[in-house]
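In what follows, a structure is listed as structure tokens, so that the remarks can point back to it.
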Amino acid sequence: MRLILVALLSHAGVLFAEGALTGAVRDVSGTPVREATLQLLDSLQAVVASTTADSQGRFHFGNVAAGNYALLIARFGLVERRLPVQIGAAAIDLDVVLDPQPVRDTVTVTASSGSVDLADRLPQTASLIGRSAIEQRAKTVVAQVSNEEAGVALQRTSPTISGIFVRGLTGNKVNVFLDGVRYSTAAMRGSIHTFLDLIDPSGVETVEILRGPSSAQYGSDALGGSVQFRSPVPLFSDKGAWHGQLGSYFNSSDAGYGSNVVGSYSKSRFGFLANLTGHRANRLRTGHGIDSRSAVTRFLGLPSEVAFQGRSPDTAFAQYGGLMRLYWTSTSDSRMIGHYQRSQQDGGKRFDQLLGGDGNLIADLRNLMLDLMYLRYTKGRLGLLDDFSATYSYNVQREERVNQGGNGNPLATITHEPERTRVHGVQSNIGKRFHDRWTAFFGGEYYRERIAAPSYGFNPANNTVSLRRPRVPDNSLYQSGGVYIQNEVELLPGKLRLIGNVRYDGASYESRSADSPLVRGKPLWPDDSLRVANATFRIGAVATPVSGLNLVTNVSRGFRAPHVTDLGTLGLTGSGFEVAAPDVAGLDATVGSTAGADAVSTGIPVGQVKPETSLGYEGGVRYRNNLLSTEVMLFINDISSNITKQSLILPPGAVGKILGSEPITAQNASGVVFVAASTNPVLARTNYDVARISGLEHRVEVKPSHDWTFGGVFTYLRARDKRTGLAPNIEGGTPAPNGYFRIRYSPAGHRFWIEPYLYAAHNQERLSSLDLSDRRIGAARSRGSIANFFQNGAIVRGLVRGGILAATGETLAQVQNRLLGPGLSPAPLYTKLNGYATFNLRAAWRIAERQDLLIEFENIGDRNYRGMSWGIDAPGRGFYIRYGFHF
């Protein structure tokens, strides 16, 4: 198995200086580790130099340009580790002791742009997730890597669609990068990342999650933080060498199975790596085999077992794809990297819009596809510059959403919304060491996105097809870019360090009515455009009063330009049916006070949204020695001009008017309007809340002996509207206080470890009006939505016969009275997200030098629960096994 080790050493570099790194690799018993492959990587994963340890475990790198690198060591039978190396003019001799057991990663290449460093020595907090942790956590989709980390949490709308919460924010408020290339697009939705899980876990070497506003480093959308995926690199060798890995798994929770195979070939100047993968998730069995927000529970008040037994329907899907990477070192300081990956999901469905929530009959996610490539050139010592890189990328993300609303009405229109987003991107970064204690980085990028989004509807009542307003205007153009400068200064070597960034970003949006088909002589959308720009900054300090103790503080500003989704969405989303400002122009539309049916007009006209900003403050302490590693962080993140979803208010008499292609079917006394496609009120996006998210993050690991390790993480978050004190309408909601506690036993001299762990979360009682109306959280129901399901979806599924609910003998009126009370006022099924605790046990066994086995018993108590804004309940009691063979 591959083992990565990086060592942090004193910096003594000068302009264009070269240095040498030598040392020895040994195991915990002191025996030399021979034939270990060692590589020096820069922050962009380019291989700078490689060598192989001799029979005594000795290695040598000579004539390496001064700078920050990652030293990677790989050897079958040993586990990955890494730490940064700072090479200067003076030769360095390093004695490395390798531990065969998994060790938590401590090196980051993304927290500071262009730099490789110890996470403890940086002011911004980062979660570092290595290959071993990825294999343990990502049982079905890659977003599961966020489990067991402080300050982050998993968001899972459907089996195929997920997101990652970072300090209480997710979706379009957290940007995503792959190998430094922007993966997020302007088409992404609010609280989810539709295409995140198309990044297959088998093709990811490490994940870094930057916690706190990160726009000064990574541009728009990083209000809560940034998620960075890093791909594997081939193992270089002076003589041609083949390496590979085969992995297979089975997961009883969803009867899922899959395999992947990785192969690589390399010589001194050339490397090639390829990964092929495929897996199948079948129907999911949740805790106790029930669905807590099933349509039959929500609208009929019956347990989900009435509709299905054991495994949840419409939760199966298949995923397959692969990646290919090419490395070429043309000269000693010039390198090229080529990358291409393809991924596809088939059979996915929005379970929360089907029997798992709204009771609809069709909610397909068809042909989710990713094609992403980039070509990168890096060079050291270019003119007066120490480092230079340039990257071109092309990212294509495709999907087709097929929906039929009406709570199971078989005659409702079936809408087809294929979308394809094509993104061309260019990036360039340069680095300059002005002094051995002062380094600066400069860079910029530009992305051009074009969204193809034709749409049509099929009417099953008369078998006709008609053009309709798509979710976002077809052929929309979105452009974004920015430039930045970063400085790192060691004011007191080894004692006080400052890091600062300044960045300027801009974005523009354009949709044209000329690109719309004419329906009844009119275009389906008007001309619309927007241009915005903003400046962000970050400044942080790390003080090290004694060895191992770091006091950190950081202030940063985040920025999010409105996306195409914010500016042009019209149609069914996770929160309900939404409209964009141009689509209600001339209707005297105003913003509602909440996102529910109880909203009243605020008097604020519905207008085009403007950018969101955030200002984050954090401070804390980190401590590390041979016995203890811990981190405690406190933070505040103030979000201004928060883009929220509020109920749309129209003047009386709105019934029958058309919103896009949907007629308004109902309007209450306050002016809140409804359409047949959703049980919730029609929503409009607006800059409404001024929110504050504050929290505490704690991570601790204690190792009293080589055999025993105790560890845990805890996260506490509180979100409030600064004007009202109530929970703000932030899409996705706020995760409850939660934590993990684990005990690992790994006896010295043996090839196994065993680890019981506990995962628990408190009740989340601070739910916003948007949360309460969300089918995934509060699961609101009204007299009309109960009637819709009773008279449509329940009849189609055989639950209602002759106007009588078969299970209870009740009429529609009796069901409405039982669920809503005599007043028949709309009410959520849940007013809080229930807390939970699960007990789990996992173990690993190295069968032989090239074979290993991972086993886990998950949710042993079979607890039924779900996380914040999940559209499915969590897996119940299950068994997971993974086998790996390395060659």
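The values are calculated or read from the model by the stated rules, or taken from the named source; none is laboratory data. Because the structure is predicted, anything quoted here is derived from the model rather than measured. As a convention, Cβ positions derive from the backbone with ideal geometry for all residues, glycine included, and neighbour counts pool all protein chains shown. Heavy atoms of the whole protein, side chains included, go into the accessibility calculation; ligands, DNA and RNA do not. Shrake-Rupley method; radii C 1.70, N 1.55, O 1.52, S 1.80 Å.
From the residues Ser248, Ile192, Gly219, which one has its Cα farthest along the dipole of the range 168-270 in the positive direction, the dipole being from +1 and -1 charges on Cβ of Lys/Arg and Asp/Glu about the Cα centre? With unit charges placed on the Cβ atoms, the residue in question is Gly219. About its Cα centre, the range 582-709 has a charge dipole of approximately 100 debye under the convention of +1 per Lys or Arg Cβ and -1 per Asp or Glu Cβ, with nothing else charged. Here the contact order of the range 558-616, divided by its residue count and restricted to Cα pairs under 8 Å and six or more residues apart, works out to 41 percent. Compared with the alpha-carbon gap, the fully stretched path from Phe839 to Ile604 is longer by 79.7 nm at 0.36 nm per residue. Taking 0.36 nm per residue of sequence separation and removing the Cα-Cα distance, the Ser428/Ser252 pair yields an extension gain of 58.8 nm.
Phi-derived couplings, Karplus 6.51 cos²θ - 1.76 cosθ + 1.60 at θ = phi - 60°, listed residue by residue for the range 192-206: 9, 10, 3, 9, 4, 6, 6, 6, 7, x, 5, x, 10, 8, 9 Hz, with x used for Gly and Pro. About the centre of its Cα atoms, the chain shows a dipole size close to 480 debye [charges on the beta carbon of Lys, Arg (+1) and Asp, Glu (-1) only; nearest 20 debye]. Give me the base-10 log of I(q)/I(0) for the range 423-476 at each q in 0.25, 0.27 Å⁻¹, Debye formula, one uniform scatterer per Cα, rounded to two decimals. Calculated log10 I(q)/I(0) at the listed q: -0.95, -1.00. For the chain, the relative contact order comes to 11 percent (Cα pairs under 8 Å, sequence separation of at least 6). Extending 7 Å from Cα along the Cβ direction at Ala666 and again at Phe857 yields two label points whose distance is 4.9 nm. Computed extension gain for Thr464 through Ser268, at 0.36 nm per residue and net of the alpha carbon distance, reaches 64.2 nm. Taking a ≥ b ≥ c as the square roots of the eigenvalues of the Cα gyration tensor of the range 218-275, is the shape rounded (a/c under 1.5), prolate (a/b larger than b/c) or oblate? Taking the square roots of the gyration eigenvalues as a ≥ b ≥ c, the range 218-275 is oblate.
Once the Cβ-Cβ distance of Asn63 and Tyr392 is raised to the sixth power relative to R0 = 35 Å, the FRET efficiency obtained is 0.70. Only helices enter the 222 nm calculation for the chain: every DSSP H run of n ≥ 4 contributes -39,500 (n - 2.57), and dividing by all residues gives -1500 deg cm²/dmol, rounded to 500. On the basis of the beta-carbon distance and an R0 of 30 Å, Asp95 and Trp242 show a calculated FRET efficiency of 0.45. Peptides 348-358, 308-318, 145-155, 877-887 ranked from most to least packed, by the mean per-residue count of other Cβ atoms within 10 Å: 348-358, 145-155, 308-318, 877-887. Once the Kirkwood radius over Cα pairs is known for the range 544-620, the Stokes-Einstein relation at 20 °C and 1.002 mPa s delivers a diffusion coefficient of 132 µm²/s. Give me the net charge of Ala274's neighbourhood, meaning all other residues with Cβ under 14 Å from the Cβ of Ala274; Lys, Arg count +1, Asp, Glu -1. Around Ala274, the charge tally is +1. Could you tell me whether the range 713-865 comes out rounded, prolate or oblate from its Cα gyration tensor? Rule is a ≥ b ≥ c as square roots of the eigenvalues, rounded for a/c under 1.5, then prolate if a/b exceeds b/c, otherwise oblate. Oblate shape, in that a/c is at least 1.5 and b/c is the bigger or equal ratio.
Of all lysines in the structure, those lying under 21 Å Cα to Cα from Lys349, and not within fewer than 8 positions of it along the same chain, are Lys139. Expressed as a whole percent, the accessible area of the chain that falls on carbon and sulfur atoms is 59 (1.4 Å probe).
In summary, the lysines within cross-link reach of Lys495, defined as a Cα separation below 28 angstrom excluding same-chain residues under 8 places away, comprise Lys432, Lys703. With a simple spin-label model that places each label point 7 Å from the Cα along the Cα-to-Cβ direction, the separation between Arg531 and Arg850 comes to 6.1 nm.
For the range 241-316, averaging the sequence separation of C-alpha pairs within contact (under 8 Å, six or more residues apart) and dividing by the residue count gives a relative contact order of 25 percent. Measuring r between the beta carbons of Trp328 and Asp54 and using R0 = 35 Å, the FRET efficiency lands at 0.85.
Using only the Cα atoms of the chain, build the gyration tensor, take square roots of its eigenvalues as a ≥ b ≥ c, and label the shape rounded, prolate or oblate: rounded if a/c is under 1.5, else prolate if a/b is larger than b/c, else oblate. In terms of gyration-tensor shape, prolate.
Annotation for Ser508 and Asp588: the two label points, set 7 Å from Cα along the Cα-Cβ direction, are 3.7 nm apart.
Taking every protein chain into account, the accessible area of the chain amounts to 34 square angstrom per residue (probe 1.4 Å).
The coefficient of translational diffusion for the range 483-555, derived via Stokes-Einstein from the alpha carbon Kirkwood radius under 25 °C and 0.890 mPa s, stands at 149 µm²/s.
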